[in-house]
1. Fully extended, how many nm does the chain gain between residue 40 and residue 97 (0.36 nm per residue separation, minus their Cα-Cα distance)?
2. What does the extension gain come out to for residue 140 and residue 161, with contour length at 0.36 nm per residue minus their alpha carbon separation?
3. For the range 70-171, compute the orientation-averaged projected area of the C-alpha convex hull (one quarter of its surface), in nm².
4. How long are the semi-axes of the equivalent ellipsoid of the range 48-116, defined as square roots of 5 times the Cα gyration tensor eigenvalues? Whole Å, largest first.
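Each value in this text was obtained by applying a stated rule to the coordinates, not by laboratory testing. Note that this is a predicted model, so its numbers are computed, not measured.
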């Protein structure tokens with residue numbers, strides 16, 4: 001549902017998004033611009049069976065933000081068993097720090113939207129996992145009111161046969 005706030009955000013960001021697109025740095029879709037909270041995340045296997053996102057235990061919390069400047073950022077966390085809320089991360093033993101980092105996923109990227117294919121592309125600039133730096137991710141976009149569903153599109157040459165479906169709600 002398009003409420004007044006979202007309509008004002010879209011109206012305010014459209015001229016910016018259009019200017020960025022004209023400059024050739026991005027092609028943002030005004031309806032994607034803003035912050036989105038994670039609702040659900042699953043991994044779908046080749047046989048159609050769904051399981052936990054990336055094999056990690058839920059529940060998950062997360063945020064994805066698309067800026068009209070053509071930058072985006074995503075952060076997803078799953079439960080962090082055994083870590084005190086106010087623990088000093090720098091003083092934790094290496095095993096606990098590794099477990100903490102393994103429960104967190106994050107990157108920021110430049111993004112563009114292809115309206116013809118309803119696909120958003122993320123050009124990863126930096127990430128918690130350094131192997132993701134420079135990777136290009138493609139996501140199929142489905143928008144229904146305040147719900148955004150992003151489905152990963154695997155590289156046809158990739159051995160990976162599963163894909164992820166993440167559902168977000170406008171924040």
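1. Details: separation 57, 0.36 × 57 = 20.52 nm, distance 2.57 nm.
Difference between extended and current length: 17.9 nm.
2. Details: separation 21, 0.36 × 21 = 7.56 nm, distance 1.60 nm.
The residue 140-residue 161 span can extend by a further 6.0 nm.
3. On the way: hull surface 35.0 nm².
Mean projected area for the range 70-171: 8.7 nm², to one decimal.
4. Numbers: eigenvalues 168, 64, 17 Å².
They are 29, 18, 9 Å, listed largest first.
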